[in-house]
Amino acid sequence: MNHFESQDGQLCCEAVPLAQIAEAVGTPVYVYSQATLERHFTVFRDALHSHPALGEPLIAYAVKANSNVSVLKVLGALGAGADTVSEGEIRRALAAGIPPSRIVFSGVGKTRAEIAFALRTGVSEINVESRPELDLVAEVAASMGSSAPVVFRVNPDVEAGGHAKISTGKAENKFGVSFAEARRLYAEASAHGSLTPLGVACHIGSQITDLAPFEAAFLRMRHLVEDLRSDGLTVERLDLGGGLGVPYFNQPTPPAPEAYAAMVARVVAGLDVRLAFEPGRMIAANAGVLLSRIIHRNDRPEGRRFLVLDAAMNDLIRPAMYEAFHDIRPVADQPGEALAFDVVGPVCETGDTFTRDRLLPPMQGGDLVAFMSAGAYGAAMSSEYNSRPLVPEVLVSGDRFAVIRRRPTYEEMLADESPADWL
């Protein structure tokens, strides 16, 4: 469920007409519903809490999905932690008031400076993904006279994910270590004075709409925990990652959080570990839209119809990168028979095409449209390509809205650059 509904012929976010936001802030603009963010988090949390055997798991929201500090503050106030993959994301989580004890530091390429920052901050755990990274973490911790809390991310060799570019759990992917390597590294870390191994983790991909690959991976992780304990090692934590899909409009309906939680409870029954989860897309995707205005309609003599928008691939890159489908809705109810349109942006690339032959009402220049389910991996992946200003973001709560990231001016964009002194 989301809170984007038509009221009196106008698409609204909660109680605010999107046209009102477009008039006040301009377009393109991302608009987020606070009520939807809160609902999606609490539904997932409550599904886990309905199984007492799962204890009090850490729900570490995947910051990469939508890293706006206001979004993080909304979720942090509900008890969410943060799954981070850079020093910048750790800093965002801290700025949002999320305590270090609820911050997980993941990623395959942590730098020495980032590891040191994470240790000084006191994050809950550093998820280690390779032997070289473990050596670097140990070296940095030793130089600081501390012991690094590490969790080993394991690649369970399970294929899953809505697209090859967001599948992370196969052996050929860059993430994690093998099961055999995990056992060796865990034993070495347990004997190292600058490392404190706490558990193991996995993450098999994103936009997964079937419980079977989750269950296969989680069973393998359970067996790993049992094997490590049989080796005489202490395993306190099991991080099962994220990846549960959302109901994009042309995708299979994903399992309900209740079904996911029941499966997890069945797989880990009696294991006695503290669980962690890293949901991102399922919380943020349907909580946001990208609001755009049609610059003009171009009806070609050969029969193709183009709607040219003021939003472009630099604002929402998912269709160009992943062939992703986003439902496109007119902001004002439009009468008339639907026509097939190619919906494109102004960037000078043929790839700046959101969709082809999409059936839409007979829209014209000046009309507003909303790309639905754009709250995850939308603004977070935006850029200034073609020297276009970063798209602003707005948060709505009831009948109120606030700009939570403003659109930069061209002067501000240029001020970030300084010509070489010989020019």
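Shape class for segment 317-392: prolate, because the ratio a/c of the largest to smallest gyration tensor axis (alpha-carbon atoms, square roots of eigenvalues) is 1.5 or more and a/b beats b/c. Where both bridge residues fall in the chain, DSSP classifies roughly 50% of the beta bridges as antiparallel.
Simple spin-label estimate for Met144 and Asp272 gives 3.2 nm between the two label positions (7 Å along the Cα-to-Cβ direction from each Cα).
Which one of Val63, Val264, Val154 has the biggest mean-square fluctuation once the chain is modelled by GNM with Cα springs under 10 Å? Highest fluctuation among the options: Val264. Using the average count of surrounding beta-carbon atoms within 10 Å as a protection proxy, the listed peptides 123-130, 43-50, 281-288, 409-416 rank, highest first, as 281-288, 123-130, 43-50, 409-416. Counting only protein chain heavy atoms and rolling a 1.4 Å probe, the accessible areas of Asp315, Asp272, Asp8, Asp299 rank, largest first, as Asp8, Asp272, Asp299, Asp315. Each of Asp231 and Ala415 was given a label point 7 Å from its Cα along the Cα-to-Cβ line. The distance between the two points is 5.4 nm. With contacts defined as alpha carbon pairs under 8 Å and 6 or more residues apart, what's the relative contact order of the chain in percent? It comes to 19 percent, rounded to a whole number.
What shape does segment 1-131 take by its C-alpha gyration tensor, where a ≥ b ≥ c are the square roots of the eigenvalues and a/c under 1.5 counts as rounded, a/b above b/c as prolate, and the rest as oblate? Taking the square roots of the gyration eigenvalues as a ≥ b ≥ c, segment 1-131 is oblate.
The order of Glu38, Glu393 by accessible area, most exposed first and with a 1.4 Å probe, is Glu38, Glu393.
Each residue of segment 42-48 was assigned a 3J(HN,Hα) from its phi angle through the Karplus curve 6.51 cos²θ - 1.76 cosθ + 1.60 (θ = phi - 60°); the sequence is 5, 5, 5, 4, 5, 5, 5 Hz, with glycine and proline shown as x.
Put simply, when 227-233, 394-400 are sorted by average Cβ atoms within 10 angstrom per residue, most first, you get 394-400, 227-233. When a/c reaches 1.5 or more, the comparison of a/b and b/c decides; with that in mind, is segment 25-102 rounded, prolate or oblate per its Cα gyration tensor? Cα axes put segment 25-102 in the oblate bin. Quick one: check the C-alpha center-to-center distance for segment 80-115 versus segment 179-223, whole angstrom. If we compute the Cα centre of each part, the gap is 20 Å.
The coefficient of translational diffusion for the chain, derived via Stokes-Einstein from the alpha carbon Kirkwood radius under 20 °C and 1.002 mPa s, stands at 94 µm²/s.
Between the C-alpha center of segment 276-323 and that of segment 331-402 there is a gap of 5 Å.
Take the Cα of Arg304, step 7 Å toward its Cβ, do the same at Gln10, and the gap between the two points is 3.6 nm. What the Cβ-Cβ distance of Ala180 and Ser101 gives, at R0 = 41 Å and to the nearest 0.05, is a FRET efficiency of 0.80.
The values are calculated or read from the model by the stated rules, or taken from the named source; none is laboratory data. Computed from a prediction, not measured in an experiment: that's the story for all the values here. Glycine also receives a Cβ, built like all others from the backbone with ideal geometry; neighbour counts cover every protein chain displayed. With ligands, DNA and RNA removed, areas are computed over all heavy atoms of the protein, side chains included. Shrake-Rupley method; radii C 1.70, N 1.55, O 1.52, S 1.80 Å.
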